[in-house]
1. What is the packing order of peptides 272-281, 126-135, taking the mean over residues of other C-beta atoms within 10 Å and listing the highest first?
2. Ignoring ligands, DNA and RNA, what percent of the 1.4 Å accessible area of region 99-245 is carbon and sulfur?
3. Could you run the Karplus curve 6.51 cos²θ - 1.76 cosθ + 1.60 with θ = phi - 60° over region 74-84 and give me ³J(HN,Hα) per residue in whole Hz, x for Gly and Pro?
4. Along the charge dipole of the chain, pointing to its positive end and built from +1/-1 on Cβ of Lys, Arg, Asp and Glu, which listed residue (ILE54, GLY161, TYR219) has its Cα farthest out?
5. Which FRET efficiency value, to the nearest 0.05, is calculated for THR239 and ALA217 with the Förster distance at 22 angstrom and r the Cβ-Cβ distance?
6. Taking the mean number of other Cβ atoms within 10 Å as a proxy for protection, how do you rank 83-91, 235-243 from highest to lowest?
7. Counting Lys and Arg as +1 and Asp and Glu as -1, each charge on the Cβ, what is the dipole of the chain about the Cα centre in debye, to the nearest 20?
8. Cα-based count: Lys pairs in the chain below 16 Å, eight or more positions apart or different chains?
Amino acid sequence: MTQQIKWGYAVNQWKAGFTSFARLEEIERALKVTAACGFPAVELNAGSGRWDPIGRPENIDINFGSPEHFRLKLRDWGITRVASTFFDSTLMSFEELHFGLSSTQPADHARIVAQAKIHATMLAQLGGELLVVRPFPSFWKEGALNAERMAAAADCWNQVGAMAADLGLRTVLHIDALSALRTADEIEQLLALCDADNVGLAFDTAELTIAGHDVVALYRRFHQRVLHFHFKDALATDTLGEYQLPNAERALIAAGGEREIPRWFGEMGTGLVDFPALLAAMRELGYAGWIIVESDKGPEPIATGMMLNSWYKQNVLEPLVR
């Protein structure tokens, strides 16, 4: 089964945006480096604004002519697949004219589905497979979930899942370290409310570890619904419950919280995640799908993190599944 595991890299490694990724030659260089490091597929990031050349379909059209021409250009650079796209409806969108939408608010659902469809359509045109979504806002914005808001979120993602299925895609829920959804029991409740045919789970090894989960045990519990992985290491866990801090994205993740953690995320093999044990469980339970490696807040120069992850993939992980 494990021969079917496929490897890719998330373009968020390159901090896509107007500061470092707006020029086409920068995109070309970044993706050539990605291919040279042994990652022939990428996960795109659904963005906003004209300075994000590959995060919006209209920007793909402007810069590359069409999704098909972009796909051909990727092949020229050594990227043979676009595996997935990450979509976060809680972020501001200039095009959709909002400051963030929440799945727990039924009034936002139609706009979330419409916005997701824009990115899902482009992903399907690029030959992708998975729409990766952030299912909940951060805890500090949303507070603890109740049955009503959990059901509302499930309804939203079922609608997105059905829309994506019509395009030949599957939808996976990516739970992060700041999420309003906190516990394994809450994950189980959410999955029970979601259509198993269309909506699965994306496992982010670092985010879940920072949130206090044992990712190997959690994967064993939910493996039948896990359709996607993000592999990155976690250098610390949130032992003080600081996900509840106002503006936790800055107060905890960027500033490090009370302990002033300099960096939460690390390259594979440098932190708390037991990747060999996780891969052994994936092999045992027959996982066949994508592993997307990430280098959130990686070292400079940017390619360093990718090269370190490539070494770990080639020398530690791949021998385990040969």
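The values are calculated or read from the model by the stated rules, or taken from the named source; none is laboratory data. Model, not experiment: these values are computed from the prediction. Every residue, glycine among them, receives a Cβ derived from its backbone with ideal geometry; neighbour counts consider all protein chains shown. What goes into the accessible areas is simple: the full protein's heavy atoms, side chains included, and nothing from ligands, DNA or RNA. Shrake-Rupley method; radii C 1.70, N 1.55, O 1.52, S 1.80 Å.
1. Numbers: 272-281: 17.8, 126-135: 23.7.
Ranking the peptides 272-281, 126-135 by packing returns 126-135, 272-281.
2. Working: 2650 of 5200 Å².
That fraction is 51 percent.
3. 4, 4, 4, 8, x, 9, 8, 9, 9, 7, 6
4. Value computed over the given set: ILE54.
5. Working: r = 18 Å, r/R0 = 0.83.
For R0 = 22 Å, the calculated efficiency reads 0.75.
6. Details: 83-91: 22.7, 235-243: 16.9.
So the peptides 83-91, 235-243, ranked by packing, come out 83-91, 235-243.
7. Numbers: 29 positive and 40 negative charges, 146 e Å.
With only Lys, Arg, Asp and Glu charged at Cβ, the dipole is about 700 debye.
8. Details: LYS6/LYS232; LYS6/LYS313; LYS15/LYS32; LYS15/LYS232; LYS15/LYS297; LYS32/LYS73; LYS232/LYS297; LYS232/LYS313.
Taking the chain as the scope, the lysine pair count is 8.
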